[in-house]
Every structure is written in C-alpha cells, then in structure tokens.
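Just so you know, all these numbers are worked out from the coordinates, no wet-lab data involved. What you see is a predicted model; the values in this text were computed from it and never measured. So basically every Cβ, Gly included, is an ideal-geometry build from the backbone, and we count neighbours across all protein chains shown.
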C-alpha cells in the first residue's frame with residue numbers, strides 16, 4: 001500500500017514537472033515580430049513584468065520538482081517537503097494570477113483606462129502566452145493535489 | 001497554555017478581519033472624476049476586472065473571518081477550519097497578485113504594448129488602490145500566520 005502511494009506521488013510530481021517546465025519554456029519562447037503603420041516591433045514575454053515573474057516562478061518550481069523526485073524514500077526531509085510544497089503552491093497561485101490578470105488586459109484591453117488590446121497585432125504571441133498560462137494552471141492544480149497528498153503522508157504515521 | 005494560544009489565534013483573526021475588510025472597503029470606494037482634453041470621465045475600481053476580483057475575494061474572506069471568530073472552542077469543526085484557512089490563503093494570494101499586476105501596469109504603463117500609465121490623470125484613485133493593496137497584503141501575511149497556527153493546533157493533540 002505504501003509502495004502504491006509512493007508511486008502515485010511520483011507520477012504526480014513527474015506530471016507537475018512536465019507542466020511547469022512547459023509553462024516556463026512556452027512563455028520564454030513567446031515572441032513575434034509585427035509591424036503597425038510601417039513601424040516594426042517585436043513582442044516578447046520580457047516586455048511585461050508579470051510574464052517574466054511567471055516564467056521565473058515556473059522555472060524555479062521545475063527545478064524544485066526535479067530535485068524532489070530524486071529524494072530517497074526513507075528520510076525525514078519529507079516533512080520539510082510538505083512545507084515546501086505549500087510555498088510552491090502559493091508561488092504558482094501568485095504567478096498564474098498575475099500573468100492571467102495582465103493577459104486579460106492584453107486580450108480585451110481596457111476601454112476606461114485607454115489600453116488597447118494587443119492580440120490583434122500579435123496573434124502568435126498571444127497564443128503562446130495562452131498556452132503557457134494553460135500549462136501553468138495545470139501545474140497549479142497538480143501541485144494542489146501534491147500538497148494534499150504530502151500533508152496526508154506526514155499525518156498518516158501520526159494518525160495510526 | 002491552551003488559553004494563551006487561543007487568545008493569540010483570536011487576535012490574529014481579528015487583525016486579519018480588519019485588514020481584509022479595509023482592503024475591500026478602500027478598493028470599493030476608490031473612484032475619481034477627472035477630465036482629459038475636456039472629456040470628463042470617472043475612474044472606478046469596477047472598470048478593471050482584477051480589482052473587482054480583489055474586492056470580492058477580500059469581502060468573502062472578511063465574512064469567513066467574522067464567522068470563525070464566533071466558532072465555539074470545543075468543536076471538531078476546527079479541523080475543517082484548518083483546511084478552509086488554506087483555501088483562504090490561496091484566494092488572498094491570487095487576488096493580491098492579480099490586482100498588483102494590473103496596478104503595476106496602471107502606474108508604470110507599458111511602452112511596448114502602448115499602454116499609458118493612468119496615475120497622472122487620477123492620482124487619488126491610484127492612492128486608494130495602493131492603500132487597498134497594502135491592506136490586502138497585510139491580510140495575506142496575517143492569514144499565512146493563521147494557517148501555520150491552525151495547522152499546529154490540529155497537529156498538536158496528535159503529536160502529544
């Protein structure tokens with residue numbers, strides 16, 4: 001039973017690693033050259049601070065996920081991992097929310113503030129960002145499940 | 001000892017209630033009439049979806065904080081409260097991040113996307129939003145402390 005549980009945890013962490021890594025890579029490679037009124041410009045993820053934060057947060061979480069996969073099964077460090085899973089879940093929540101908020105402005109614009117939508121000019125860039133946000137959201141859901149699972153793992157021996 | 005702990009938890013929850021309630025109220029009352037090139041317009045929190053989300057999230061958390069304060073000390077519901085504290089912390093993280101991301105665009109604008117900063121036209125509105133974000137951030141920190149404390153409260157009898 002413990003072995004099945006450990007396998008389940010490992011699969012979740014591998015999936016989360018895949019999701020956060022693709023989020024970071026897809027966001028990091030999002031750029032498009034466009035020209036409006038004969039002025040050529042390039043849209044990049046690094047133009048928008050929230051997108052930069054999103055990429056860095058997902059890269060950091062990917063490294064953490066990768067390291068945890070190689071943690072030996074019988075070590076007290078797993079109690080620390082439960083706390084770190086909490087921090088990572090908060091970090092992912094924050095980065096996805098921030099990127100999503102700015103992406104919404106980019107897609108719909110804001111009439112009252114006079115901000116025009118930019119997706120018409122740079123559709124490929126927008127699709128890239130949407131893909132990255134999707135992957136980031138999947139990573140967040142997976143980490144919420146990992147958190148529940150690792151809290152359960154820490155509590156289980158105590159409840160026995 | 002248990003009484004001191006319960007008092008500490010109560011004080012934290014009262015402070016968090018104050019912080020999230022002020023965040024919701026200050027955000028909800030942020031509006032300013034301004035005129036640019038003889039066109040008069042009113043800036044309101046409800047113009048920006050992320051600010052609306054911020055206000056609703058903080059209002060919901062305030063109601064939750066208020067209800068928990070009146071929960072009797074000796075009830076098994078406290079185990080559920082630990083789980084809800086987790087959800088509330090995630091909700092506050094998400095709402096503060098989203099509002100902060102858009103507020104940053106409002107303050108600095110974004111040259112590459114062609115979004116102009118709006119704080120020059122509506123400084124009072126901007127100050128209001130900044131105040132609300134500060135209160136929201138304080139609420140978030142307080143809820144992170146409450147979460148640690150209530151996880152400890154649930155674990156304590158098990159570790160004994």
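So if R0 is 45 Å, what FRET efficiency would residue A:73 and residue B:87 give, r being the distance between their Cβ atoms, rounded to the nearest 0.05?
The value I calculate is 0.90.
Assume the label is 7 Å from Cα along Cα to beta carbon: what separations in nm does residue B:31 have to the matching positions in the other copies?
Here residue B:31 shows inter-copy label distances of 4.5 nm.
Can you list, largest first and rounded to whole Å, the semi-axes you get for chain B by taking the square root of 5 times each eigenvalue of its Cα gyration tensor?
In descending order the semi-axes read 39, 14, 11 Å.
Based solely on its DSSP helices, what 222 nm [θ] is calculated for chain A when runs of n ≥ 4 H residues each add -39,500 (n - 2.57) and the sum is averaged over all residues, nearest 500 deg cm²/dmol?
Taking each H run of at least 4 residues, the total per residue is -26500 deg cm²/dmol.
If you build a Gaussian network model of chain B, linking Cα atoms that sit under 10 Å apart, which residue out of B:73, B:16, B:103 swings the most?
Answer for the Gaussian network model of chain B: B:73.
Where the centroid of each part is defined by its Cα atoms, how far is the stretch A:128-144 from the stretch B:4-43 in Å?
If you average the Cα positions of each part, the centres end up 30 Å apart.
When Cβ neighbours within 10 Å are restricted to other protein chains, what is their mean count per residue of peptide A:142-148?
1
Per-residue Cβ counts within 10 Å, from other chains only, averaged over B:107-120: what number is that?
4
At a 10 Å Cβ-Cβ cut-off, how would you order B:20, A:29, B:153, fewest neighbours first?
A:29, B:153, B:20
Taking the label point as lying 7 angstrom from Cα along the Cα-to-Cβ axis, what are the distances from residue B:5 to the corresponding position in the remaining copies, in ascending order and in nanometres?
From this label point to the equivalent ones elsewhere in the assembly: 2.4 nm.
If each label sits 7 angstrom from Cα along the C-beta direction, how far apart, in nm, is residue B:49 from its counterparts in the other copies?
2.2
Mind jotting down the three principal axis lengths of the stretch A:19-88 based on Cα atoms? Whole angstrom, largest first.
Reported extents, whole Å, longest axis first: 63, 18, 11.
If I fit a long axis through the Cα atoms of helix A:77-108 and take the longest principal axis of the Cα atoms of chain A, what angle between them do I get, 0 to 90°, rounded to 10?
That helix lies at roughly 20 degrees to the long axis.
Return one number: the angle in degrees, 0 to 90 and rounded to the nearest 10, between the long axis of the Cα atoms of helix B:123-159 and the longest principal axis of the Cα atoms of chain B.
20 degrees
Test of understanding: in a Gaussian network model of chain B with alpha carbons linked when under 10 Å, which of B:93, B:130, B:75 would top the mean-square fluctuation ranking?
B:75
For a footprinting-style exposure proxy, rank A:140, A:10, B:15 by other Cβ within 10 Å, fewest first.
Taking fewest neighbouring Cβ atoms as first place, the list is A:10, B:15, A:140.
In whole angstrom, and with the biggest value first, how far do the Cα coordinates of the protein assembly as shown range along each principal axis?
Result for the protein assembly as shown: principal-axis Cα extents of 70, 44, 20 Å.
Please check: in the Gaussian network model of chain B (C-alpha springs, under 10 Å), which one of B:147, B:133, B:116 has the largest mean-square fluctuation.
The residue that fluctuates most here is B:116.
How do A:70, B:51 rank when sorted from fewest to most other Cβ atoms within 10 Å of their own Cβ?
Listing A:70, B:51 from fewest to most nearby Cβ atoms yields A:70, B:51.
Measure nothing fancy, just the Cα-based angle from helix A:2-28's long axis to the longest principal axis of chain A, in degrees from 0 to 90, nearest 10.
For helix A:2-28, the angle is close to 20 degrees.
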